[in-house]
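The values are calculated or read from the model by the stated rules, or taken from the named source; none is laboratory data. Just so we're clear, the structure is a prediction, and the values are computed from it rather than from any experiment. Note that each Cβ is placed from the backbone with ideal geometry, even for glycine, and that neighbours are counted across all protein chains shown. Accessible surface is based on the protein model in full, side chains and every heavy atom, while ligands, DNA and RNA are left aside. Shrake-Rupley method; radii C 1.70, N 1.55, O 1.52, S 1.80 Å.
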Amino acid sequence: MGSSPIPERRGAAISRLVLWNVDLTLLDVGQVMRAAYAEAFEKVTGEPLVYLTSSAGRTDSEMFFEFCARNYVDIEPDGEILSDFLATLEEAFGRRADQIPAKGRVMPGAAASLAAVASMPDTVQTVVSGGTRANTTAKLVAFDLDRYLDLSMGGFGSVNYPKSSLIQSIRLHAAGEGGRVYGEEETVFITGSVPDVRAALLGGATPIAVLNDSATEGQLREAGAKIVLPELGDPRAVMTAVHQATPK
């Protein structure tokens, strides 16, 4: 994989937190993920997964219970069955990990933009993902994108919390034990979905929207995004947007 460009944090304070959505912002492995969802759902519930739901802004925990509702599966929404589903989902996705490079793709400009932001001083970047830690890591590793990210401080759908809570948790704990909380003016969330823009505002981060998903610029701005990029293909534009969102 080579040496990691993640900036050294010991002895230097982070002045900027850059959070990235993963699916349809950095990469797209929807074909592999859908197969894993179908296998895990049927194994846990005994029923086939016929009707899917939008993953935009959702965690796997949230999606499981909506899968149940949309597919008329009557179960008690408790933590035990959710844990079973997430564990089974990780197993199903893990068996398909070798399919990711062939059936998935990196979104245009994602690698170059991650590298550019990693070069910014006093900046650390990580992810806020709806997927579990194991599955998200596997996706990023498959395309060598993990080398730009500090995944130890990321937020993942392994826990049953909405993305807004994951964002808030990262801000609270990014500085380590006893450290200060990073404010909205120091934290950005880069994403392409309307629910994620709203989650950023609720979680205390400034949203930077990218037109990679199905949302239009108007929809993203109406949700609260003041900065909207047409793509990630211009790393300088991404760096400029991060500077604008985190003025010093």
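Take every DSSP beta bridge whose two residues both sit in the chain; close to 10 percent of them are antiparallel.
Surface composition of the chain: carbon plus sulfur atoms hold 50% of the accessible area, using a 1.4 angstrom probe and ignoring ligands, DNA and RNA. The number of Lys pairs in the chain with C-alpha atoms less than 23 Å apart, excluding pairs fewer than 8 positions apart on the same chain, is 5. Remark: the stretch 108-154 carries 27 Å² of accessible area per residue (probe radius 1.4 Å; ligands, DNA and RNA excluded). Taking every protein chain into account, the accessible area of the stretch 12-80 amounts to 45 square angstrom per residue (probe 1.4 Å). Entry for the stretch 126-171 at q = 0.23, 0.28, 0.31 Å⁻¹: log10 I(q)/I(0) = -0.74, -1.01, -1.15, Debye formula applied to identical alpha-carbon scatterers, no solvent contribution. Using only Cα positions of the chain, each an equal point scatterer, no hydration layer, compute I(q)/I(0) via Debye at q = 0.12, 0.13 Å⁻¹ and quote the log10 values to two decimals. Scattering profile of the chain, log10 relative to I(0): -0.66, -0.78. Amide H contacts for F156 (H built 1.01 Å from N in the peptide plane; partners 5 or more residues away or on another chain; cut-off under 5 Å): S129. Counting only protein chain heavy atoms and rolling a 1.4 Å probe, the accessible areas of H173, H243 rank, largest first, as H173, H243. Scalar couplings 3J(HN,Hα) for the stretch 97-108, obtained by applying the Karplus form with A = 6.51, B = -1.76, C = 1.60 to θ = phi - 60°, are 4, 6, 8, 4, x, 7, 9, x, 7, 7, 5, x Hz; x denotes Gly and Pro. Other residues within the sphere of radius under 9 Å centred on the Cβ of G109, judged by their own Cβ, net out at -2 (K and R +1, D and E -1). Once C-alpha pairs closer than 8 Å and six or more residues apart are averaged by separation and normalised to the residue number of the chain, the relative contact order reads 25 percent.
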